[in-house]
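Below: one structure, written as C-alpha cells.
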Amino acid sequence: MINNLIVENVSKRFIVGSRSEKSVLSKLHFFIFRREKKRYFWVLKNISFSVKPGEMIGIIGKNGSGKSTLIRTIAGIYSQDKGTIKVNGNIACLAGHNNGFKNRLTMKDNIHLVCSLYGLNPKDIGRYFTSIVEFSELRGYENTKLYKFSTGMMTRLSFSIMLHSIKKINPKVLLLDEVFSAGDLQFKLKCLDIIKQLLKKNVSILIVSHHLKTISYHCSRAILMDKGEIIKNDKTKKVLDWYLKKEKLTIDGKRIKK
Amino acid sequence: MAISDFKLRNEGTYLGFIWYLLNPILLFIILLLIFQDRLGSGIESYGLYLLMGIIMFNFFQKTSLASTKSILNNASIIKSIKFQRKSIIISVVIQNILEHIFEIIIFTFVMVLYNQSPLGMIFYPLIFIVFIVFTYGVSLILASLTMYFHDIHNMWNFLLKLLWFATPIFYGFGGQTKLLIFNLINPLYYFIKLSRDIVIYNTMPPPHTIFITIGLALISLLIGIVVYDKLEKRFAEML
C-alpha cells in the first residue's frame, strides 16, 4: 500500500537569541559592531516517519519538544531547512483554537473568511453554512462578534468549519494540534465519531495532544518526541508504557509513588 | 483566493466610506483656499490640478502604508492556515481601489463644476491600471521587508511625508530646475503628470512619459514579486 505521508530527514531551525532582531537601526548596529553571533536552535532534528492510509497517529511529548512545529512544517506553514515531505494528496490542518479568526468580525463573516481561506467558493459556503452553525451548536450567535465568544465556542466553531471544508478539500492527511483541549466531552465524542468515519475512508490523521487517554483509545500508533527528535515510534501501548515509566506517571496523570 | 480578499476587506467596510473620503476632500478644500491665489495662480484650472494630485497620492499612500502592517495584522491566519499570503496584500489594494473609485466620482463632479467636459476621464482607468500595478509592486516589497524590519512602517510614513512635499501636488514647478531634476527620479511625478495632461488638459503627453510609467510599473511589479518570493518562506515563523 502507498503511504499517505512520508517525512524524510526533516530538520528545522529557528534563529534565537539575537537582540538585534526587528528594526533597521538595530540590524545596522548589529552589522557594524557584530557583538553577538546568530544562534540557531534546531527545533526539529532529522525527523523521519511515514503514515499509512487510515492510520491515526498520536504525537506526544513535553512542551517545546517540537510537536506543533512538526505539524506546521508538514502543513506547509513553515518551510523546512532540510529534508523532504511527500504527501499523497491534499492536506488539511487545524492548529489550536484560534484558527485564523478575526475577533472584531461577526461569526458569520468569520465563517466566510476562514472557509474561503480553506479554498471554498461562496456557493459551497452558502450550502454548508447552516450545517456549520448547527454542528458547532452556536445557533443564534450568527451576528455576534467573536471577541464575545468563549474559548470553547471558538474551538467548536473552528472544528466545525474544518470538518465541513474537508468535504470539499478531500484531504489524504489531516493534522490536528491540541483541538480537544477546550471543547466539552459531548462535542469531543461527536468529533471523534466523524474522525472514525474519515479513517474508514483511508484518511490518515496526525493528532498532537497532551491528553494521553485520548491517544491510547484512538490512535494505533504513537510518536514520542523530545527536544526535536523522535524518541519512540511504535504501537501506542508500547510508546505510552515506556513514556509513563520513564516519567514515573500513570495514564491518569498521577505520580507513581514508591 | 480572490474571494478571500473580499472577505478580508469586510473589516473596513463598517467604518463607512464617508470617513475615508473626508480626509482627501477636506485637504483639497483647505489647500485650495490657501493656495488658489498664490502657488496656484499660474496653473490652469488649479482646483482640478490639485484634486487629481491629492487623490492619486492618497491612493498610493494609503495602499503602501496599509500593506506594511497588513501581514502583521493577519498573524493568526498565517500561523494556522496555509494559503496564498499574497492575497492579504491584494485585498489591501482592492479595498483602496474601491475607495479610489468614490474619489474619482467626486473628481468628475468637480470637473463639471469647473465647466470642463468630463470626457477626459474615459482615459483615466487606463492610467489607473498601470498605477495599480506600480503600487502593488511597491506594496509587495514593503510588506515583505516589514517582516524582517519592523520599523519600516515608521520609516515609510516619514518618507511619504517627504514625498508629499517633493511631488508637485499643490504647486507647479514654475521654473525651479532643482525640483524638476529631483522629480525626474520620482515615480509618482510621472503618473500624476500623465493623468493631469490627459484628463484635465486634454493634451497628448510626450510618448516617453507613457513608456516610463509602464516601465516603472513593470519594474516595481518584478522587484516586488522577486523580493516577496524570496522572503515569503519565513513569514510564519517571524510572526
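Need one number for chain B: average projected area of the convex hull over its C-alpha atoms, nm².
Averaging across all directions leaves 13.4 nm² for the Cα convex hull.
Taking A:Lys148 as the anchor, which lysines have their alpha carbon closer than 27 Å to its alpha carbon, excluding any fewer than eight residues away along the same chain?
Cross-link targets: A:Lys102, A:Lys108, A:Lys188, A:Lys190, B:Lys7, B:Lys69, B:Lys79, B:Lys82.
Ranking request for peptides A:140-147, A:102-109, B:82-89: highest mean number of other beta-carbon atoms within 10 Å first, then the rest in descending order.
B:82-89, A:102-109, A:140-147
Given the options B:Val112, B:Val92, B:Val227, which has the most mean-square fluctuation in a GNM of chain B, springs set between C-alpha atoms less than 10 angstrom apart?
Among B:Val112, B:Val92, B:Val227, the largest GNM mean-square fluctuation belongs to B:Val112.
Along each principal axis of its Cα atoms, how long is the protein assembly as shown end to end? Whole angstroms, biggest number first, please.
Principal-axis extents of the Cα atoms in the protein assembly as shown, largest first: 95, 58, 42 Å.
Taking every residue in B:140-150, how many Cβ atoms of other protein chains lie within 10 Å of its Cβ, on average?
That average works out to 2.
Would you grab the residues whose amide H sits under 5 Å from the one on A:Ile59? Only those 5+ places off in sequence or on another chain, please, with H modelled 1.01 Å from N.
A:Ile207, A:Val208, A:Ser209, A:Ile223
Using alpha-carbon pairs under 8 Å, 6+ residues apart, how would you state the relative contact order of chain A in percent?
Reported as a whole number, the value is 27 percent.
Which far-off residues, 5 or more places away or on another chain, put their amide H under 5 Å from the one on A:Leu44, with H placed in the peptide plane?
Under 5 Å from the amide H of A:Leu44 lie the amide H atoms of A:Lys12, each far enough along the sequence or on another chain.
Select from B:Gly47, B:Gly174, B:Gly215 the residue whose mean-square fluctuation is largest in a Gaussian network model of chain B (Cα-Cα springs shorter than 10 Å).
In the Gaussian network model the winner is B:Gly174.
Residue-wise, which Karplus ³J(HN,Hα) couplings in Hz belong to segment B:191-200, taking 6.51 cos²θ - 1.76 cosθ + 1.60, θ = phi - 60°, and x for glycine or proline?
5, 5, 4, 4, 5, 4, 4, 6, 6, 8
Which pairs break 29 Å Cα to Cα here: A:Lys45/A:Lys248; A:Lys168/A:Lys232; A:Lys86/A:Lys200?
Going by Cα-Cα distance, A:Lys168/A:Lys232 fall outside the 29 Å limit.
Using the Karplus curve 6.51 cos²θ - 1.76 cosθ + 1.60 with θ = phi - 60°, work out ³J(HN,Hα) for each residue of segment B:173-186 in order, rounded to whole Hz, and write x for Gly and Pro.
Result, rounded to whole Hz: 5, x, x, 8, 5, 4, 5, 5, 5, 4, 6, 5, 9, 9.
With springs only between Cα atoms under 10 Å apart, run a GNM on chain B and tell me which of B:Val226, B:Val130, B:Val93 wobbles the most.
B:Val226
Pop out the ³J(HN,Hα) list for segment B:76-83 in order, Karplus 6.51 cos²θ - 1.76 cosθ + 1.60 with θ = phi - 60°, rounded to Hz; leave Gly and Pro as x.
Karplus values, whole Hz, x for Gly and Pro: 5, 5, 4, 6, 10, 10, 8, 7.
If amide H atoms are built 1.01 Å from N in the plane of the peptide, which residues on other chains or at least 5 residues away come under 5 Å of the amide H of A:Thr144?
Under 5 Å from the amide H of A:Thr144: A:Met107, A:Lys108.
For each pair in A:Lys67/B:Lys230; A:Lys52/A:Lys237; A:Lys12/A:Lys245, compute the distance between the two Cα atoms and list the pairs where it is over 24 Å.
Distance filter (> 24 Å) returns A:Lys67/B:Lys230; A:Lys12/A:Lys245.
Where a number appears in this text, it was derived from the coordinates with a stated rule and is not lab data. On a predicted model such as this, the values are computed, not experimentally measured, just so you know. Positions of Cβ are generated from backbone atoms using ideal geometry, with glycine treated the same way; all protein chains shown enter the neighbour counts.
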